[in-house]
Amino acid sequence: MAQTTKASRQNRTITVDFQDPSTYFQLITDGKAFVEFVLAFLLALGFQLTHKATCTSSSSLTRHSHYARVRLGGLTIWRIQCTSCTAVFTVLPHFVLRYRRMSPDVARQALIATHGGLSLEWCATICHISPMALYRLICALGQHSLVTVLVKSRLPLPAYLLADEKHSRCLTDRVYLPTIVSGRVLWHLGYSDAKSAAAFTASYGQFQQTALEHDASYRVKGALTDGFDSTVSSMRTLFPGARLGYCLRHALNKLPDKLVGVSASVRRGLRSTFHALLHRCRQRTSLRAVALGQRLRHFANRIATTVGEEHGERVRHWFEAKKAGW
């Protein structure tokens, strides 16, 4: 006997900010006021409810049914329904997490403690929750796509981005976390146990694929990297039309590594001079490339005179390889 695949039910859960729990408890006693409050909240945010494909109405709602969350002390949860297409939406108050017993405030405190380096056991003990519940919460957050969440939050896809890779360890193994950042927003956080260009391309490719699903015409205009070969290669593969550059902060951090055997005070002084050099050149609006090349040559000559020709030659070769991206 052939088995038919059951279609997955579409999630229609709305989390509404009632400002205070007392407001929620007061509104659930008045069906009309409850529906009007929910509708006003959605209109204020500019969100559109996901109705059935054949629905032509967007604001014709009525109270449908309710149930009690036993693990939350019998908290009443109401559902509302579209009178046109009969789509049902579950309304969750802001102080309740979907499928979770813990409150949002407790979850936030536990996640912050985990991010600070405490173990799951210690975080659970401090916040009076189960370690397994905290573990499942962390796993649930990892299943969401950053691009999808940010786009639904009305953030535009970044035209210019910073691609970097964080070197870390998983037990005794070396692992890498490819990241994409634009401004103060993290758009991608991947995981790879290899540092090859193919592995990084696969990780960064997840960001590109999700972005194209939201906007088929999306193109990256420019990307900054720290010069790591695998990252640069993956950016060129995924975004062939983008202009690639090197991050100046990474350049400042790497300059002292080129001056092996030089005292710390001298390296700090040369790093400060290098920072001032890059800052002055970035302020220029004309002949910037010529000015930067001249200043870099003078700076390399100064290093050769100050700490030795060998260091000056090493820095000079490094400038030649990186200055095109600065």
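Bear in mind that the values in this text are calculations on the coordinates, not laboratory data. It should be emphasised that the depicted structure is a prediction, and the values quoted were computed from it without experimental measurement. Positions of Cβ are generated from backbone atoms using ideal geometry, with glycine treated the same way; all protein chains shown enter the neighbour counts.
Considering only T83, L137, Y246, the residue lying farthest towards the positive end of the dipole of the chain is Y246, judged by Cα position with unit charges set on Cβ. Modelled label positions at D105 and R243, each set 7 Å beyond Cα in the direction of Cβ, lie 5.0 nm from each other.
Calculate, for R184 and A159, the FRET efficiency according to 1/(1 + (r/R0)^6) with r their C-beta to C-beta distance and R0 25 Å; round to the nearest 0.05.
E(calc), rounded to 0.05, equals 0.95.
Simple point charges give the picture: +1 on the Cβ of Lys and Arg, -1 on the Cβ of Asp and Glu, and for segment 84-242 a dipole about the Cα centre of about 360 debye.
For the chain, the longest principal axis of the C-alpha atoms and the axis of helix 31-45 are separated by about 20°. Considering only A197, S233, T172, and ranking their Cα positions along the charge dipole of the chain that arises from unit charges at the beta-carbon of Lys, Arg, Asp and Glu, the one farthest toward the positive end is S233. Ranked by how many other Cβ atoms sit within 10 Å of their own Cβ, fewest first, the residues W318, W122 fall in the order W122, W318. Computed extension length for H298-H279: 5.3 nm, one decimal, from 0.36 nm per residue of separation with the Cα-Cα distance subtracted. Each residue in K254, K152 was given a count of other beta-carbon atoms within 10 angstrom of its own, and listing them fewest first yields K152, K254. A simple charge model with +1 on the Cβ of Lys and Arg, -1 on the Cβ of Asp and Glu and nothing else charged puts the dipole of segment 13-93 at about 300 debye relative to its Cα centre.
Is the chain rounded, prolate or oblate when judged by the Cα gyration tensor, a ≥ b ≥ c being the square roots of its eigenvalues, rounded requiring a/c under 1.5 and prolate requiring a/b larger than b/c? Could the numbers behind the result be given before it?
Details: a/c = 2.61, a/b = 2.17, b/c = 1.21.
Taking the square roots of the gyration eigenvalues as a ≥ b ≥ c, the chain is prolate.
Calculated FRET efficiency, A198 and A140, Cβ-Cβ r, R0 30 Å, to nearest 0.05? Calculated transfer efficiency: 0.50. When +1 charges are put on Lys and Arg Cβ atoms and -1 charges on Asp and Glu Cβ atoms, the dipole computed for the chain relative to its Cα centre reaches about 680 debye.
Computing FRET efficiency as 1/(1 + (r/R0)^6) for Q19 and R169, where r is the C-beta to C-beta distance and R0 is 56 Å, gives about 0.80.
Relative contact order for the chain: 9 percent, from Cα pairs under 8 Å spaced at least 6 residues apart, divided by residue count.
Computed over the chain, the per-residue total of -39500 (n - 2.57) for DSSP H runs of n ≥ 4 gives a 222 nm mean residue ellipticity of -15000 deg cm²/dmol, rounded to 500.
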